[in-house]
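The values are calculated or read from the model by the stated rules, or taken from the named source; none is laboratory data. As the structure is a computational prediction, the values presented were derived from the model and not from experiment. With ideal geometry, Cβ positions are generated from the backbone for all residues, glycine too; neighbour counts draw on all protein chains shown.
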Amino acid sequence: MKQATTDLAIKQLNECDHILIYGAAGNAREAILYIDYLFPDKIIGCAITNARGDEDDLFSFQVKDISQYKGIYILESICVIVAVRPSYFEEIDCNLRKAGFLNIFSYGDGNELSRLIQETAIKKKNFSNQYEMNNWLIHRRIKIDMRNMIA
């Protein structure tokens, strides 16, 4: 992603109604921590292709088949963050566009968008490094999930 594209992605994340995380592994976990902090209450869940129905939740977000989001939400109002290995992005991007999703961004493995989001979060909270930020984000997310379980 070039800087103009990265700036556009941040602008669209600010303006979109919902954020959907595509992926269910390490990049998706990291994306949830940072994006949920910077864009609170916008994440609607996690999606994968060909979900079996027995996938573990990522924090308190259910992992569902991507098809389950069609018809429930206006697809134009969703920004999809594809948080998978870079080698899978092109195929997933193509499949998401065929399904009607329009605002699709790649996140993870140190790409420009993930670096920008991490740097923004670190500056917002005044942490000196990413390690401190990650620990704080994990504890923050655990507290949120525990409150949700009690409610």
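Residues I92, I122: which one is in contact with a strand residue (DSSP E or B) (Cβ under 8 Å, 6 or more places away or on another chain) and more than 15 Å from I19 (Cβ to Cβ)?
Values: I122 fails: in contact with a strand residue (DSSP E or B) (Cβ under 8 Å, 6 or more places away or on another chain).
Of the residues listed, the single one that is in contact with a strand residue (DSSP E or B) (Cβ under 8 Å, 6 or more places away or on another chain) and more than 15 Å from I19 (Cβ to Cβ) is I92.
Could you list all residues from the stretch 70-93 that are buried (at least 18 other Cβ atoms within 10 Å of the Cβ) and among the aromatic types (F, W, Y)?
The one that is buried (at least 18 other Cβ atoms within 10 Å of the Cβ) and among the aromatic types (F, W, Y): F89.
For the stretch 17-33, how many residues are crowded, with 23+ Cβ neighbours inside 10 Å, hydrophobic (A, V, I, L, M, F, W, C) and assigned to a helix (DSSP H, G or I)?
So the answer is 3.
Return yes when D56 is at negative phi and at pLDDT below 90 and no when it is not.
On the way: at negative phi: yes; at pLDDT below 90: yes.
So D56 fits the description; yes.
What is the residue count in the stretch 98-111 for residues that are buried (at least 16 other Cβ atoms within 10 Å of the Cβ), on the phi < 0 side of the Ramachandran plot and not β-branched (V, I, T)?
Just the residues of the stretch 98-111 that are buried (at least 16 other Cβ atoms within 10 Å of the Cβ), to begin with: 101, 103-108, 111.
Now drop any that are not on the phi < 0 side of the Ramachandran plot, which leaves 101, 103-107, 111.
Next, from what is left, pick out any that are not β-branched (V, I, T): 101, 103, 105-107, 111.
Matching residues across the stretch 98-111 total 6.
If you scan the stretch 114-124, which residues turn out to be surrounded by fewer than 20 Cβ atoms within 10 Å (Cβ to Cβ) and either without any contact (Cβ under 8 Å) to a residue 40 or more places away in the chain or within 18 Å of R29 (Cα to Cα) (or both)?
Step one: of the stretch 114-124, the residues surrounded by fewer than 20 Cβ atoms within 10 Å (Cβ to Cβ) are 115-116, 118-120, 122-124.
R115, L116, Q118, E119, T120, I122, K123, listed by residue number.
Out of L75, L58, L102, report the one residue that is farther than 23 Å from Q12 by Cα and of a type in the set (A, V, I, L, M).
Numbers: L75 fails: farther than 23 Å from Q12 by Cα; L102 fails: farther than 23 Å from Q12 by Cα.
Step by step, each of L75, L58, L102 is checked, and only L58 is farther than 23 Å from Q12 by Cα and of a type in the set (A, V, I, L, M).
Name the one entry in D41, D36 that is closer than 22 Å to I66 by Cα, assigned to a loop (DSSP other than H, G, I, E, B), out of contact with any Phe, Trp or Tyr (no Cβ under 7 Å at 6 or more places or on another chain) and among the acidic types (D, E).
Details: D36 fails: assigned to a loop (DSSP other than H, G, I, E, B).
From the options D41, D36, the qualifying one is D41.
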